[in-house]
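Quick notes on the structure that follows.
The values are calculated or read from the model by the stated rules, or taken from the named source; none is laboratory data. Only a predicted model underlies this, so the values are computations on that prediction, with no experimental measurement involved. All Cβ positions, glycine included, derive from the backbone under ideal geometry; neighbour counts span all protein chains shown. Just so you know, the surface numbers come from the protein's heavy atoms only, side chains and all, with ligands and any DNA or RNA stripped out. Shrake-Rupley method; radii C 1.70, N 1.55, O 1.52, S 1.80 Å.
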Amino acid sequence: GDSITSFLNPNLFQDPETIHNIKQQLRAGKPVMIHNAFQPEYAEAMYQDLSSAEDAFELHAYAYEQDDFSCYHYNIYDLQKYTPLMNATLELFNSTASKEFASELSGRRCGGQTWPAASWYKPGSHSLPHSDWADQRTVAYVWHLTKDWKHGWGGHLYWMSETSFPFVPPSFNTLVLFSVNTRTQHMVTSVNHLAGGVKRLTINGWWEDNGWLPSFEDDVAQFAEGYDDWLDYFLEDSVRLLELTADQSFRLGQLQAECTAGGYEDEIRCNKLRYVYETLHEGSYWYNEIHYVEL
């Protein structure tokens, strides 16, 4: 299939310096906000498409007491309700070329399935702080498609860090990318009822790992090129632990339990695993600023 690069703004994404800066920021764990990200014809068509698909949006409201998270927003998750343009966008983001491009930018494994979905934050909609760290997610994307928005109406995407709280206001044709890990806390502030009929719209989702899980089996696939033992890759640089997905981290815990219970007799590898697992659950926030890319 086509690559997402065919629809991105060539003034940005054919500029080597811009690509270098995006790579540098993403690989340093910083979110990137890219103004005028897609070609204007594509952005306008998607905006018109979502604006006219009101009946397809369904309320999704959740409240989880165990992690103090709640959200309240409207989405199109049902593939049967996707418009032809949404289906084309799903195929575009899922193409092998697009996933290779996401991997090239981020340094993450993005070979799995992705499901770009539409979101509409109506008055009262919000999402409390969360990290997106779940399943096999590696790189998050949020394509903002909002016009004529006033800052006082809320709906801002805030990044939570120890030192600052930079935010991304709703805007038109702005792409936000970030490498998902345990420290990527962010939130969307409540939309004020003063917004009235102006719609806060996005296309959002996650590129994901292709399903790799840690294992002590001899034939387990490499996590990174040049490392026959995936443990050595993470031991060489502890920052790399932030490349592990939620599913991979959970599997590490299972392996750790097996070692503790004596179910795996290789003491050297069990010691390596113990260090990797304990290090993964330590540390501090990974970034505290947004890198802006604009024309």
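Can we say residue 118 is at pLDDT 95 or above, of a type in the set (A, V, I, L, M) and under 15 Å from the mean Cα position of the chain (by Cα)?
Yes; evaluated as a whole, the condition is true for this residue.
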- Item | helices (runs of 4 or more DSSP H) wholly inside segment 5-54 containing at least 3 residues that are more than 21 Å from residue 170 (Cβ to Cβ) | 10-13, 16-27
- Task: Hey, can you tell me all the residues within segment 270-295 that are modelled with pLDDT under 90, open to solvent by 60 Å² or more (accessible area, probe 1.4 Å) and among the polar types (S, T, N, Q)?
- Result: 284, 288
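Quick check on segment 44-84: of everything there that is of a type in the set (S, T, N, Q) and open to solvent by 20 Å² or more (accessible area, probe 1.4 Å), which residue is farthest from residue 13 (Cα to Cα)? Full working, then the answer.
So the first thing to find is which residues in segment 44-84 are of a type in the set (S, T, N, Q), and the list is 48, 51-52, 66, 70, 75, 80, 83.
Filter once more, keeping what is open to solvent by 20 Å² or more (accessible area, probe 1.4 Å): 48, 51-52, 66, 70, 80, 83.
Values: 48: 24, 51: 27, 52: 30, 66: 41, 70: 36, 80: 33, 83: 27 Å.
Looking at the filtered set, the residue picked out is 66.
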- Message: Go through (1) more than 27 Å from residue 75 (Cβ to Cβ); (2) in contact (Cβ under 8 Å) with a residue 60 or more places away in the chain for residue 36 and report which single condition fails.
- Response: (1)
- Residue count for segment 155-172, restricted to those that are open to solvent by 10 Å² or more (accessible area, probe 1.4 Å) and at positive phi: 0
- Message: Filter segment 13-43 down to the residues that are charged (D, E, K, R) and open to solvent by 60 Å² or more (accessible area, probe 1.4 Å) and list them by number.
- Response: 17, 27, 41
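Here is a yes/no grid of residues against (1) open to solvent by less than 30 Å² (accessible area, probe 1.4 Å); (2) of a type in the set (A, V, I, L, M, F, W, C); (3) not in a strand (DSSP E or B):
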{"residue": "184", "(1), (2), (3)": "yes, no, yes"}
{"residue": "187", "(1), (2), (3)": "no, yes, no"}
{"residue": "198", "(1), (2), (3)": "no, yes, yes"}
{"residue": "201", "(1), (2), (3)": "yes, yes, no"}
{"residue": "207", "(1), (2), (3)": "yes, yes, no"}
{"residue": "228", "(1), (2), (3)": "no, no, yes"}
- Scanning segment 255-269 residue by residue, those open to solvent by 60 Å² or more (accessible area, probe 1.4 Å) and part of a helix (DSSP H, G or I) turn out to be 258, 260, 267, 268
- Message: Just the residues that are open to solvent by 50 Å² or more (accessible area, probe 1.4 Å) and either among the hydroxyl-bearing types (Ser, Thr, Tyr) or in a strand (DSSP E or B) (or both), please, taken from segment 85-111.
- Response: 96
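So which of 252, 175 ends up being under 30 Å from residue 117 (Cβ atoms), in a helix (DSSP H, G or I) and either of a type outside the set (A, V, I, L, M, F, W, C) or open to solvent by less than 60 Å² (accessible area, probe 1.4 Å) (or both)? Write out each step before concluding.
Numbers: 175 fails: in a helix (DSSP H, G or I).
Of the residues listed, the single one that is under 30 Å from residue 117 (Cβ atoms), in a helix (DSSP H, G or I) and either of a type outside the set (A, V, I, L, M, F, W, C) or open to solvent by less than 60 Å² (accessible area, probe 1.4 Å) (or both) is 252.
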